[in-house]
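Have a look at the structure below, then the notes.
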Amino acid sequence: MISTIAAAAMAMSAVVLPPAGPPPPGEVTAELVTVNGSGCHRGAVAVTVSPDNTTFHLIYSDYLAAVGVGTRPTDFRKNCQLSVKVNVPQGFTFGIGQVDYRGFAHLEPGATGTLRANHYFQGMSATPYLSHTWQGPVDDGWLVTETVDVGMPVVRPCGEAKDLNINTELRVSAGTSDPKTTTSYLAMDSTDAYTASVYQFVWTRCPS
């Protein structure tokens, strides 16, 4: 499923700068500043930048919403709120052009699972929430891709060290399934960078 963010919404607080290739390898780093939410905690989330500086990856190790046998009443909804500091060399800035969210779903017939997500730079307008729902029966890995209209990503202002705030939520409903005899869950767990949530950089050059 691909959700394209409306150009008008993305234009809010956007800075139009000419596109550029990524900075040289080794000159971009990312670190988690804050980790909050019922679905994540520090130590259960990691961030890495790809060697070619085209993407960064969020790797979750304990992010799962569930209903049914063996679950608690609050397990049906889990959320994660992250603040990521991306350090870039002088003369560069960036936006996010695409996000790939990955995980696994086991939904009994009649159950549903929903992913909601958005991101924004500190102090700037948030992107609209992406929302995707799966209908059971499902027992498979999943991929949801969020894309931004070409040329319209919200770009971090040049020279400002604004963190990137990332919000995600997983929700599972038993629906017409029987939670007394079955269990349904939706997970955004990752085992390595290849199954992580992947954020694609859009690089631009700042005015000299």
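The values are calculated or read from the model by the stated rules, or taken from the named source; none is laboratory data. None of these values were measured; they are calculated from a predicted model. Note that each Cβ is placed from the backbone with ideal geometry, even for glycine, and that neighbours are counted across all protein chains shown. Calculation scope for accessible area: heavy atoms of the full protein, side chains included, ligands and nucleic acids excluded. Shrake-Rupley method; radii C 1.70, N 1.55, O 1.52, S 1.80 Å.
So what is the 222 nm mean residue ellipticity for the chain from helices alone, if each DSSP H run of at least 4 adds -39500 (n - 2.57) and you divide by all residues, rounding to the nearest 500 deg cm²/dmol?
-500 deg cm²/dmol
Taking amide H atoms as placed 1.01 Å from N in the peptide plane, list the residues 5 or more away in sequence, or in a different chain, whose amide H sits under 5 Å from that of GLY103.
Under 5 Å from the amide H of GLY103: TRP142.
5 Å is the cut-off here: which amide hydrogens, built 1.01 Å from N in the peptide plane, fall below it relative to ALA20, excluding neighbours closer than 5 in sequence?
Here the answer is TRP203, THR204, ARG205, since their amide H atoms fall under 5 Å of that of ALA20.
Using the Karplus equation 6.51 cos²θ - 1.76 cosθ + 1.60 (θ = phi - 60°), what ³J(HN,Hα) coupling, rounded to whole Hz, does each residue of segment 160-165 give in order, writing x for Gly and Pro?
10, 8, 7, 6, 9, 8
Using the heavy atoms of the protein chains alone and a 1.4 angstrom probe, what is the accessible area of the chain per residue in square angstrom?
Per-residue accessible area for the chain comes out at 46 Å².
Using the Karplus curve 6.51 cos²θ - 1.76 cosθ + 1.60 with θ = phi - 60°, what ³J(HN,Hα) values do you get for each residue of segment 87-102, in whole Hz, with x for Gly and Pro?
Result, ordered by residue: 9, 10, x, 4, x, 10, 8, 8, x, 10, x, 7, 10, 10, 9, 10 Hz.
Over the chain, with every protein chain in place, what whole percent of the accessible area is carbon and sulfur at 1.4 Å, could you tell me?
Answer for the chain: carbon and sulfur cover 55 percent of the accessible area.
Can you tell me the dipole magnitude for segment 29-205 around its Cα centre, using point charges on the Cβ only (Lys, Arg +1; Asp, Glu -1), in Debye to the nearest 20?
460 debye
Rounded to whole Å and sorted largest first, what semi-axes of the equivalent ellipsoid does the C-alpha gyration tensor of segment 10-106 yield via the square root of 5 times each eigenvalue?
Equivalent ellipsoid semi-axes, largest first: 33, 15, 12 Å.
Over the chain, what is the relative contact order in percent, taking alpha-carbon pairs closer than 8 angstrom and at least six residues apart?
In percent, rounded to a whole number, it is 36.
Tell me which residues come under 5 Å, amide H to amide H, from PHE121 once H is placed; ignore anything under 5 positions away on its chain.
Close amide H contacts, sequence-distant or interchain: ASN165.
How high is the relative contact order of segment 47-167, in percent, counting Cα pairs under 8 Å that sit 6 or more residues apart?
The normalised contact order for segment 47-167 reaches 31 percent.
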